[in-house]
Amino acid sequence: MIPKNTICLWFDGTALDAARFYAETFPDSAVTAVHHAPGDYPAGKEGDVLTVEFTVLGIPCLGLNAGPAFPHTEAFSFQVATDDQAETDRLWDAIVGNGGQESACGWCKDKWGLSWQITPRALTEALADPDRAAARRAFEAMMTMRRIDIATIEAARRG
């Protein structure tokens, strides 16, 4: 069954590699279909992988190998809610350690240029704390981080 809404991600010939990485890294993720070009096209030849259907954390995606014209930007990202530091570290290390790069406040990029927000639920809860001073302390602590450290966020929240 074709989903009503699918995220289409543009790649420069590496959609299958990316989809396989996501399927190996994130739960509830899989490569579901690979389609080869029925003829030559601007970014490839007949028989090349044209599209890859996959899911990331249950979200249907289509990887389109359409060439270098439109690289990924931070304007689109996957935000992944993590339950604890071990899960935060595992996902962060998988992305950054596989040719990706760190950024600020829980953001990182994979080697294909796609942005990810690895966001512990403890951070989201701290920022929504009805005690606005506690939320501000957690926010200020987050602003100094690359990978989110839950213990530091919780300590800042407590004051």
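The values are calculated or read from the model by the stated rules, or taken from the named source; none is laboratory data. Predicted model, so just to flag it, every value in this text is computed and none were measured. Here the Cβ positions follow ideal geometry from the backbone for every residue, glycine too, while neighbour counts run over all protein chains shown. These accessible areas exclude ligands, DNA and RNA; they are computed on the full protein's heavy atoms, side chains included. Shrake-Rupley method; radii C 1.70, N 1.55, O 1.52, S 1.80 Å.
Observations on the model:
- Taking the square roots of five times each eigenvalue of the Cα gyration tensor of the chain, the equivalent ellipsoid has semi-axes of 36, 15, 13 Å, listed largest first.
- Between the amide H of residue 82 and those of 119, 121, distances stay under 5 Å, these residues lying 5 or more places away or on another chain, with hydrogens modeled in the peptide plane.
- Between residue 145 and 105, the built amide H atoms are under 5 Å apart, and every one of these is 5 or more places off in sequence or on another chain.
- Qualifying trypsin sites (Lys or Arg not before Pro) in the stretch 53-135, DSSP loop, other Cβ atoms within 10 Å at most 16: 111
- Loop-exposed GluC sites (Glu not before Pro) per DSSP, neighbour cap 14 Cβ within 10 angstrom, longest uninterrupted part of the chain: 75-159
- Student exercise, the chain dipole from Lys, Arg, Asp, Glu Cβ charges, in Debye to nearest 20: 420 debye
- Accessible area per residue was computed with a 1.4 Å probe on protein heavy atoms; residue 124 scores about 80 Å².
- Rounded percent of accessible protein surface that carbon and sulfur make up, the stretch 63-159, 1.4 Å probe: 52 percent
- Fraction of antiparallel bridges per DSSP, the chain only, in percent to nearest 5: 60 percent
- In the context of the full set of protein chains, the stretch 69-159 has a per residue accessible area of 53 Å² (1.4 Å probe).
- If you plug the beta carbon distance of residue 37 and residue 77 into 1/(1 + (r/R0)^6) with R0 = 22 Å, you get a FRET efficiency near 0.15.
- Accessible surface comparison of 88, 6, 144, probe 1.4 Å, protein chains only, largest first: the order is 144, 6, 88.
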